[in-house]
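What follows is a set of notes on a single structure, which appears directly below.
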Amino acid sequence: MQTIRVDTPSARYDVFAGSDLLATLGSRIERVTGRLPRRVFVLTSPEIWALWGEALEQSFAQPPIALFLPAGEKHKTLSSVERLARQMIEAGGDRGSLLIAFGGGIVGDVGGFLAAIFMRGIPYIQIPTTFLAQVDSSVGGKTGVNLPNGKNLLGSFHHPLAVFADIGVLGTLSERELRAGLMESVKAGIIRDRALVRYMDERAEDVLARDPKALEKVIAASIRMKADVVSRDERESGLRMILNFGHTLGHAIEQVTRYKALLHGEAIGWGMIAALELARQRGTMSTAQAKRMEKLIHSYGPLPPLDLRAARLVAATGSDKKNISGVRRFVLPLGIGDAGVVDDVTSQELHSAAEYMLAQARAHPA
Ligand SMILES: NC(=O)c1ccc[n+]([C@@H]2O[C@H](COP(=O)([O-])OP(=O)(O)OC[C@H]3O[C@@H](n4cnc5c(N)ncnc54)[C@H](O)[C@@H]3O)[C@@H](O)[C@H]2O)c1
């Protein structure tokens, strides 16, 4: 097991990544919280509970009270939060209660937001069960829900007391979800960790075969990168923006396809390919480096095909949530293992990067 510290001005906590954490979760949580409160809630989805609920329950002397959120972005809403809060009140929840978010990024984001506003804030623990949630969404304190107008438009920063990433639970994750989540680790490597890039390059077969040691290595390195960035820039006023590498065109793809055709990681995979091309054109990366990274991305694919127009994608980048006062911010890789944020990327440059990406999509049928 590996322990990674997140240390921000508002919170300090550990992320534990390893095998068989679920079996001993109850006592591990007690080590973090002291004696468990009278009411411990676990927010999960019916699917995850059916697969892993028993394993989680068995590790507690008194099993937590289960609350359910159906799978899917359409349930990541304020009305779900209200329903869950009412259920907590009815079950005797109070300011001393503890919430455990046990699921993928959706459960984590909704659970974190519920904990942030329930009785003006209660503590919570993240038990992420998807690869993406383990390496990305459970770490860093961003919580929130969607509005019909867009994703994650309501939310707050509320850090968990601890995160337990059990690699074993990834055993039931679909191949597609695993590969999409791995794009976040590829991203972590390209922007800040050359050694992770090398490892993922050399050990792709083991990682994709879910070899526990290989997974632990990749997951821990990815978490370490995110924890380090978040610890230096908790509220995304500078450095944390690099985590949005691949997101300019990635988000545009998600938006144009109405979040239906691609998983988030897949859209980011294509977005990274476009950003690498832009970096190559600007000379912040050599052609050889950009090609090598592109090959790495494809080795964790296949990425779904894109039947889209570059002009439409560029237009969609105008509404990127990362833009501030109309200025378009773009994360540009600077070689392998480093990245910076620029705000002078022109529409022509984006168009040309999008064209390149779409040509790649035609050349790499899924
Ligand atoms: N807060 C953040 O910093 C942050 C960062 C990135 C993404 N996110 C959010 O995360 C969400 C996406 O998260 P996600 O990719 O985990 O998707 P998800 O939560 O929808 O989970 C994906 C699917 O996998 C299933 N699943 C989960 N764990 C499983 C397991 N162990 N075995 C089998 N099936 C399992 C779920 O039931 C679901 O159907 C988005 O809403 C996104 O906005 C948040």
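No lab work stands behind these numbers, since they all come straight from the coordinates. Quick caveat, the model's predicted, so the values are computed rather than measured. Every residue, glycine as well, gets a Cβ built from its backbone with ideal geometry; the counts of neighbours run over all protein chains shown.
Structure data summary
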item	result
Kirkwood Rh in Å, taken over region 80-170 so that all alpha-carbon pairs contribute	13.1 Å
Charge context of Thr129, other residues only, Cβ under 12 angstrom, K/R +1, D/E -1	-3
Rounded to the nearest 20 debye, dipole of region 1-113 from Cβ charges on Lys, Arg, Asp, Glu	340 debye
Relative exposure of Thr129, Thr317, Thr287, judged by other C-beta atoms within 10 Å (fewest first)	Thr287, Thr317, Thr129
Test item: Cα-centred dipole of region 246-309, Lys/Arg +1 and Asp/Glu -1 on Cβ, debye	140 debye
Degrees, to the nearest 10: 247-256 long Cα axis against longest axis of the chain	80 degrees
Size of the chain as Cα extents on the principal axes (Å, biggest first)	59, 41, 37
Positive dipole terminus of the chain, leading residue within Pro64, Val139, Val331 (C-beta point charges)	Val331
Summed side-chain charge close to Thr24 - residues other than Thr24 whose Cβ falls under 11 Å, Lys, Arg +1, Asp, Glu -1	-1
Cross-link pairs beyond the 20 Å C-alpha cut-off, checked among Lys76/Lys226; Lys76/Lys142; Lys260/Lys295	Lys76/Lys226; Lys260/Lys295
Of Val342, Gly246, Ala274, farthest towards positive along the dipole that unit charges on Lys, Arg, Asp, Glu beta carbons give the chain	Val342
Convex hull projection area averaged over all views, region 151-193, Cα basis, nm²	5.1 nm²
Amide H contacts under 5 Å for Asp20, placed H, 5+ residues apart	Ile167, Gly168
Dipole axis of the chain (+1 Lys, Arg; -1 Asp, Glu on Cβ), positive-most option in Ala165, Pro9, His75	Pro9
Region 36-87: trypsin sites (Lys or Arg not before Pro) in DSSP coil with no more than 12 other Cβ atoms inside 10 Å	Arg38
Angstrom value of the Kirkwood radius, inverse mean 1/r, which spans all Cα pairs in region 248-294	11.0 Å
Whole-Hz ³J(HN,Hα) from phi, Karplus 6.51 cos²θ - 1.76 cosθ + 1.60, for region 274-289, glycine and proline x	5, 5, 5, 5, 5, 5, 5, 5, 7, x, 7, 8, 6, 4, 4, 5
Pairwise centroid distance, computed over Cα atoms, of region 257-311 with region 132-198, Å	18 Å
Region 242-311: trypsin sites (Lys or Arg not before Pro) in DSSP loop, at most 16 other beta carbons within 10 Å	Arg258, Lys260, Arg309
Proximal charge balance of Ile190 [Cβ under 14 Å; K/R count +1, D/E count -1]	+3
Neighbour-count ranking [beta-carbon atoms within 10 angstrom, fewest first] of Asp343, Asp228	Asp343, Asp228
Debye, to nearest 20: dipole size of region 228-366, +1 on Lys, Arg Cβ, -1 on Asp, Glu Cβ	220 debye
3J(HN,Hα) from dihedral phi, region 197-203, Karplus parametrisation 6.51/-1.76/1.60, rounded to Hz, x for glycine, proline	4, 4, 4, 5, 5, 6, 10
